[in-house]
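The values are calculated or read from the model by the stated rules, or taken from the named source; none is laboratory data. None of the values given here were measured: they were computed from a predicted structure. Neighbour counts are summed over all protein chains in view; Cβ atoms, including those assigned to glycine, are modelled from backbone coordinates with ideal geometry. For the accessible areas, the whole protein counts, side chains as well, though only heavy atoms, and no ligand, DNA or RNA atoms are used. Shrake-Rupley method; radii C 1.70, N 1.55, O 1.52, S 1.80 Å.
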Amino acid sequence: SDKKILIAEDSMLLSKMIIECLHRAGYVNTIKTDNGQEAWNALDRMMNEGAVIGKDISLVITDIEMPQMDGHHLTKKIKTDPRFEGLPVVIFSSLVNDEMKRKGEALGVDAQLSKPEIGKLVHQLDLLLGQEM
């Protein structure tokens, strides 16, 4: 798939695992950022350069707990900025419990998965990106 996926994950080991898994599943166009602020800066820069949702950026995967800007704050910024309408956000975190799920739903997140269920992550991306065979 040529779909571009931005990943916000502060753990080097986990981001490497996620990227390797995505690449094996055919999602080879990935952008890695180390926290929510880096992810937001990358997204903002892409939009300022004329990026198109679905073409130049297709989906965001974010952890919740990260330095500088957490995943909930990042999700809120994406979901309240009209430039990012239609951009799916997936929370992939070890903190996904009932309370965190409610908070994510209130922010408009498209899917929330617990680490380390990486196989479910790929399945969810397939669904959100219409790639299911």
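What do you get for Rg/Rh of region 1-59 when both radii come from the Cα atoms and Rh is the Kirkwood radius?
Rg/Rh: 0.98.
Amide H to amide H distances under 5 Å link residue 65 with 71, where only residues 5 or more positions off or on other chains count and H is placed in the peptide plane.
Kindly report the accessible area of region 65-133 per residue (heavy atoms of protein chains, probe 1.4 Å, no ligands, DNA or RNA), in Å².
Computed with neighbouring chains in place, this is 56 Å² per residue.
For a straight C-alpha distance cut-off of 26 angstrom, the lysines reachable from residue 115 (same-chain residues fewer than eight places away being disregarded) are 3, 4, 16, 32, 76, 77, 79, 101, 103. Computed on the chain, with alpha-carbon pairs under 8 angstrom and 6+ residues apart, the relative contact order is 24 percent.
Here the 3J(HN,Hα) profile of region 51-65, calculated from phi with Karplus coefficients 6.51, -1.76 and 1.60 at θ = phi - 60°, is 4, 10, 5, x, 10, 8, 8, 10, 6, 10, 10, 9, 6, 8, 8 Hz, Gly and Pro shown as x. Where the accessible area of the chain is counted over protein heavy atoms with a 1.4 Å probe, how much of it, in %, is carbon and sulfur? Of all accessible area on the chain, carbon and sulfur atoms account for 50 percent. With Cα atoms defining each centre, region 73-98 and region 45-71 are spaced 9 Å apart in the structure.
With the dipole of the chain worked out from charges on the C-beta (+1 for Lys and Arg, -1 for Asp and Glu) around the Cα centre, which of 71, 7, 125 lies farthest toward the positive end? The listed residue farthest towards the positive side: 125. For region 87-133, the spherically averaged projection of the C-alpha convex hull amounts to 3.3 nm². The Cβ shell under 13 Å around residue 15 holds other residues with a net charge of -3, Lys and Arg each +1, Asp and Glu each -1. Electrostatic bookkeeping for residue 49 treats Lys and Arg as +1 and Asp and Glu as -1; over the other residues with beta carbon under 15 Å from its beta carbon, the sum is +2.
Per residue, the convex hull around the alpha carbon atoms of region 54-110 comes to 77 Å³.
Quantify how much of the Cα-Cα distance distribution of the chain extends past 24 Å, in percent.
Summing the P(r) of the chain above 24 Å gives 19 percent of all pairs.
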